[in-house]
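Comments concern the structure below.
The values are calculated or read from the model by the stated rules, or taken from the named source; none is laboratory data. This is a predicted model, so every value here is computed, not measured. A quick note on method: Cβ atoms are made from the backbone with ideal geometry, for glycine too, and the neighbour counts reach across all protein chains shown.
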Amino acid sequence: MHGPGSSGWLLVTLCAATGAYCLLRMRSSVEEQRRAAAGEALMGFGMAAMAVPTAVFTPPAWAWPLWAAVFGAAGVHGLWAARASARHLHHVVGAGAMVYMAVVMAAGPRAAHHSTTAGIPALTAALLLYFTAYVLVTGARLVPVPAVAGGPGSTGPRTGPGAGWGDRPELARACRLSMGIAMVAMLLTM
């Protein structure tokens, strides 16, 4: 997962900035947004830590099983939350991808390159397909659509005491999009 220095640091920066923004989103007055932001902050900071170039820091052997346990617990929590809303299934897939990457990295560099006849392990390929599709769909949702005067969606941005910048859905989508892009980049280096 640890690629060249400059791209590794860009990935670390993207993931850490996303995690920091998600921490700020935890100040929302809407409890569901706070919960989602907490999980996304964990994912952002975890991805940032896993992306640090090995030339700078090589994690000790015990770090990878710890990451697998942390993200395994996050996946179980996501499954529990998915009982109420299927939106949490994406968090389960993300946590599962992090567990998978931690397990592969714990097994060593030779396991990371154990491949099928196509050259890419089947689980890596499936995760790449999922996150690529997720990035494309989420990116398309961020593209502004012109509103018809007087029609739905023409009321402008939300205002009021409960609609702070942390509660804006387009910023939350942009946060998820950046983490999806980072996940694709991390999976490509596996």
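Could you check the stretch 1-55 and list, in sequence order, the residues that are of a type in the set (Asp, Glu) and within 22 Å of TYR100 (Cα to Cα)? Once the filter is applied, which keeps residues that are of a type in the set (Asp, Glu) and within 22 Å of TYR100 (Cα to Cα), the stretch 1-55 yields only GLU40.
Based on what the data block shows, is LEU187 under 20 Å from LEU10 (Cα atoms), within 24 Å of the chain's Cα centre (by Cα) and modelled with pLDDT of 95 or more?
Working: under 20 Å from LEU10 (Cα atoms): yes; within 24 Å of the chain's Cα centre (by Cα): yes; modelled with pLDDT of 95 or more: no.
No, not satisfied.
Scan the stretch 155-162 and give yes if some residue there is modelled with pLDDT under 90, closer than 18 Å to GLU40 by Cβ, surrounded by fewer than 12 Cβ atoms within 10 Å (Cβ to Cβ) and not hydrophobic (A, V, I, L, M, F, W, C), otherwise no. No, every residue in the stretch 155-162 fails to be modelled with pLDDT under 90, closer than 18 Å to GLU40 by Cβ, surrounded by fewer than 12 Cβ atoms within 10 Å (Cβ to Cβ) and not hydrophobic (A, V, I, L, M, F, W, C). If you go through the stretch 79-102 and keep only what is in contact with a Phe, Trp or Tyr (Cβ under 7 Å, 6 or more places away or on another chain) and over 20 Å from SER178 (Cβ atoms), you end up with VAL99, ALA102. Among the conditions (1) modelled with pLDDT of 95 or more; (2) touching a Pro at 6+ places or on another chain (Cβ under 8 Å); (3) of a type in the set (Ser, Thr, Tyr), SER115 misses just one, which is (1).
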